[in-house]
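Here the structure comes first, spelled out in structure tokens, and everything after it is commentary.
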Amino acid sequence: MPQLLRVHNFGVSIDGFGAGEHQSLERPFGHANPADLMSWAGATASWPNRTDPGGSRGLDDYFTRDFARNIGAEIMGRNKFGPQRGPWDNLDWQGWWGDTPPFHTPVFVLTHHHRPSFTLADTTFHFLDATPAEALQQAADAADGKDVRLGGGVATIRQFLEADLVDTMHVAVAPVELGRGERLWTAPEDLHDRFHHESVPSPSGVTHHLFWRR
């Protein structure tokens, strides 16, 4: 069975923005409130960052439960890893996730600035100055036959879409408008030239959009 490049649980607003403007250490999503985009996932029983028992079951939980299924590596953009720009002046920064990141696989961070790899718990972060195709090849090799997850942010997903490397994609559209920021699309139909597309509304208020290659 061939390896796939998969986008999972990626949240956008109803006007297509996956993050707001002016990202900072205090505001990873810029002016956007991350709860507006992702509270549906945090409420589920299978949310990877859940530290207490409970949580909802049903449709939303199905998608968060699928987050790690058959995933052997992740690719992310630098702005998902942290708010810094330019050369790495502070190597003490090791991501938003604390000592136990939720990935449990090798993670390949795209950046134009060299930084040594490091490991937290069972996640090793590697830093690549590479094209989407080159990054995918390295991640696929590290995934050891499993699929590769494309974690975002918006600019990174768009780069891989433009390179025609994405095989499947799950985007959760939240009922909130952001008005500005990092935009994934003007409408889901933008991708119909390359993907089959189905949408499923959830009782939580989000609509799950599923895409797979034509």
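The values are calculated or read from the model by the stated rules, or taken from the named source; none is laboratory data. Every value quoted in this text rests on a predicted model; they were computed, and no experiment measured them. All Cβ positions, even for glycine, are placed from backbone atoms using ideal geometry, and neighbour counts span all protein chains on display.
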Checklist outcome for this item: When the range 129-146 is checked residue by residue, the ones that are crowded, with 18+ Cβ neighbours inside 10 Å and either free of Cβ contacts under 8 Å to residues at least 12 places away in the same chain or within 17 Å of Asn79 (Cα to Cα) (or both) are Pro132, Ala135
Checklist entry - Any idea which of Pro28, Pro48 is touching a residue at least 12 places away in the same chain (Cβ under 8 Å), out of contact with any strand residue (DSSP E or B) (no Cβ under 9 Å at 6 or more places or on another chain) and not hydrophobic (A, V, I, L, M, F, W, C)? => result Pro48
Checklist entry - Across the range 148-165, which residue is surrounded by the fewest Cβ atoms within 10 Å (Cβ to Cβ) among those that are within 15 Å of Leu4 (Cα to Cα) and more than 14 Å from the chain's Cα centre (by Cα)? => result Asp164
Checklist outcome for this item: Counting only residues that are loosely packed, with under 15 Cβ neighbours inside 10 Å, closer than 23 Å to Val148 by Cα and modelled with pLDDT of 90 or more, the range 43-73 contains a total of 3
Checklist entry - Quick one: how many residues across the range 169-203 are surrounded by fewer than 20 Cβ atoms within 10 Å (Cβ to Cβ) and among the small types (Gly, Ala, Ser)? => result 4
Item to check | Arg85 vs. criteria of a type in the set (Lys, Arg) and touching a strand residue (DSSP E or B) at 6+ places or on another chain (Cβ under 8 Å) | outcome: no
Checklist entry - Could you give every pair whose Cβ atoms fall below 8 Å, whose first residue belongs to the range 14-25 and is within 12 Å of Asp36 (Cα to Cα), and whose second residue is among the aromatic types (Phe, Trp, Tyr) and modelled with pLDDT under 95, counting only separations of at least 6 or pairs across chains? => result Ala19/Phe29; Gly20/Phe29
Item to check | Residues within the range 25-59 that are among the hydroxyl-bearing types (Ser, Thr, Tyr) and within 18 Å of the chain's Cα centre (by Cα), tallied | outcome: 3
